[in-house]
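Student: Dropping a structure here in structure tokens format, bear with me for questions.
The values are calculated or read from the model by the stated rules, or taken from the named source; none is laboratory data. Keep in mind the model is a prediction, meaning the values are calculated, not measured. Cβ atoms come from the backbone with ideal geometry, glycine included; neighbour counts cover every protein chain shown. Each accessible area value is taken on the protein alone, full model and side chains, heavy atoms only, with ligands, DNA and RNA left out. Shrake-Rupley method; radii C 1.70, N 1.55, O 1.52, S 1.80 Å.
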Amino acid sequence: MTDQMQRIVLASRPNGAPTPENFRLESLDIPTPGKGEVLVKAEYMSLDPYMRGRMDDAKSYAAPVAVGAQMEGGAVGEVLISNHPDLTPGDKVLGMFGWASHAAVPGDELQKLDASLTPTSLALGALGMPGFTGWHGLNVHGRPKAGETLVVAAATGPVGSMVGQLAKAAGLRVVGIAGGGEKCALATKTFGFDACLDHRAYDTAQELQAALTEICPDGIDIYFENVGGKVLEAVLPLMNRFGRIPLCGMIAWYDGAADTQLSGPGIWRTVLVKHLSINGFIIANHFDQYPAFLQEVGPMVASGQVKFMEDVAEGLENAPTAFMSMLKGGNTGKQVVKLA
């Protein structure tokens, strides 16, 4: 085993959309695990939209990544050396290893994966944080009922595709919004959505709203919010009374852009007169429910009832490019980086 590892650090804070200059690839000695720690070699690394927020020096639900520090994130890998009684070399584990080829981490902070899980990257997508986010947000905040209409943006991503498939299984009419005709076809033909609109085909929120009105003639009962921006502006006026909006992301605004005509008074008046429930949530606060999610959704994924797709980039050095592309909708399915 080589005595060197690689990692990617935050070289500088982005001003707007991230650029290659905001990242730096470094080599350093592989760490030695201390008491209670294990040394892990990463196999797959997750790329997620929330990481963009961590690059800014702004107050949020988690501290920003310091300039010069390693980019943070989840990964799965193999235990090489263990100083923890419950883990042995060869075990596959999930943890917050960051953007790195190796990590020495406390064993108590790792989740041991079932040896039958294939591919292990499932623990980063359909059966990991994104899939769990969709399941929790839909069931707890969406409160779906058969016969209702649900709209979800980023429909073919790991959160949106989980939301849509679970809603469809619960008897709802499911409409997706995605970027491009190929993704819309994927939403309907692979993930089983009733319809899907390409938001790139509409120059304004008003045009998108008109198209949504045609395919949602009974209005919208649940809007699962991943995007913000033009899509939110189009959906909000079409919400039915007592509608629900689980809010887990606003990727259209992560770079500081404000390409919307929405105003505070307009938003809150709609919320009031339509008696809407809007629930923002951070899934890290709800991992006590993760075993229930796995018990319900794990068999659905194993049987093929719930389908998933992965977009796999090869090599740690290509993580920044894949990340920047993902933020602009360039991925199809869950974005991961294969390291080993």
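Student: Would you confirm, using the coordinates I've provided, whether ALA187 is surrounded by fewer than 22 Cβ atoms within 10 Å (Cβ to Cβ), within 25 Å of ALA123 (Cβ to Cβ) and at pLDDT 95 or above?
Tutor: no
Student: Every residue in segment 12-31 that is open to solvent by 30 Å² or more (accessible area, probe 1.4 Å), assigned to a loop (DSSP other than H, G, I, E, B) and in contact with a strand residue (DSSP E or B) (Cβ under 7 Å, 6 or more places away or on another chain), please.
Tutor: Selection gives PRO31 alone.
Student: With respect to GLN335, determine if the residue is out of contact with any His (no Cβ under 8 Å at 6 or more places or on another chain), touching a residue at least 60 places away in the same chain (Cβ under 8 Å), open to solvent by less than 60 Å² (accessible area, probe 1.4 Å) and of a type in the set (S, T, N, Q).
Tutor: Considered against the rule, which asks whether it is out of contact with any His (no Cβ under 8 Å at 6 or more places or on another chain), touching a residue at least 60 places away in the same chain (Cβ under 8 Å), open to solvent by less than 60 Å² (accessible area, probe 1.4 Å) and of a type in the set (S, T, N, Q), GLN335 comes out as yes.
Student: Could you tell me whether any residue of segment 81-91 is open to solvent by 50 Å² or more (accessible area, probe 1.4 Å) and hydrophobic (A, V, I, L, M, F, W, C)?
Tutor: yes
Student: Shifting gears a bit: So which of PRO85, PRO130 is of a type outside the set (A, V, I, L, M, F, W, C) and over 18 Å from LYS35 (Cβ atoms)?
Tutor: None of the others qualify; the one that does is PRO130.
Student: Go through segment 280-326 and give me each residue that's under 18 Å from MET51 (Cβ atoms), polar (S, T, N, Q) and in contact with a helix residue (DSSP H, G or I) (Cβ under 9 Å, 6 or more places away or on another chain).
Tutor: Passing the criteria: only THR321.
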